[in-house]
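Data first, discussion second: the structure below is written as structure tokens.
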Amino acid sequence: MGMPETAETKTAIVILGAPNDDTGALSRIARERCEQGLQEHRRQPAARILPTGGWGAHFNTTAQPHHHYARRYLESQGVPSELFVEGADSTNTIEDAKLCRPIVTRHGFNHLLVVTSDFHLPRAEFLFRREFADIALTFVGAKTHLPAAEIQRLVQHEEHALARLRAAATQPD
């Protein structure tokens, strides 16, 4: 859904979380998403930044939420701290969308630019379109630089997860 010509567009760049290690160092996938978010920030320097990612055995077991490390990385790359809004303490993509909702509402964003990995784009788009049918959405996939076999494994995981979501969406309540 596009914005009316007269409406002021208030954009948030939502950078979806990915793993970090037990010292908070971002994984390659997390850095790729942050780098893509940095490129989007340079294109839209007035946009606010909303990083996601809390804790989980599969991606972050430190004392700080993942979005803290993403923010720290982006600030080290020159993103001003005042552009950040609070992060979403999500543990998965479903929670990314759901926990962004109150933040988006609180700040009055009417456009989200969702940054994730290229292999993760279809599922992220499905979930964010379901949660945010009322505002403009743009999706950008960061190029994933992993061995082909690893990318194929990730793509298969995403295809299965999206198929489960779609099947659940068609079931009667």
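Computed from the coordinates by the stated procedures, all read-outs in this text should not be read as laboratory data. What you are looking at is a predicted structure, and each value in this text was computed from that prediction instead of being measured. We place every Cβ from the backbone using ideal geometry, glycine too, and count neighbours over all the protein chains shown.
What FRET efficiency do you get for GLU150 and GLU8 if R0 is 30 Å and r is their Cβ-Cβ distance, rounded to the nearest 0.05? Could you put the intermediate results ahead of the total?
Numbers: r = 42 Å, r/R0 = 1.42.
Given R0 = 30 Å and the Cβ-Cβ separation, E is 0.10.
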query = If you count the DSSP beta bridges with both ends in the chain, what percent of them are antiparallel, to the nearest 5?
reply = 10
note = Summing -39500 (n - 2.57) over every DSSP H run of at least 4 residues in the chain and dividing by its residue count gives a helix-only mean residue ellipticity at 222 nm, to the nearest 500 deg cm²/dmol, of -14000 deg cm²/dmol
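Which of the DSSP-defined H helices in the chain satisfy a minimum axial length of 24 Å, computed from C-alpha atoms, and a minimum mean Kyte-Doolittle hydropathy of 0.5?
On the way: long enough: 148-169 (31 Å, -0.21).
TM-like helix candidates: nothing returned.
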message = If I model a spin label as a point 7 Å beyond the Cα along the Cα-Cβ vector, how far apart are those points for ALA168 and ILE94 in nm?
response = 0.2
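Going by C-beta contacts inside 10 Å, put ASP118, ASP96 in order with the fewest on the left. Don't skip to the answer; put the middle values down first.
Working: ASP118 16, ASP96 25.
Ordered by Cβ neighbours within 10 Å, fewest first: ASP118, ASP96.
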ask   = Around LEU146, with a cut-off of 14 angstrom between Cβ atoms, what is the net charge of the other residues, counting Lys and Arg +1 and Asp and Glu -1?
value = +1
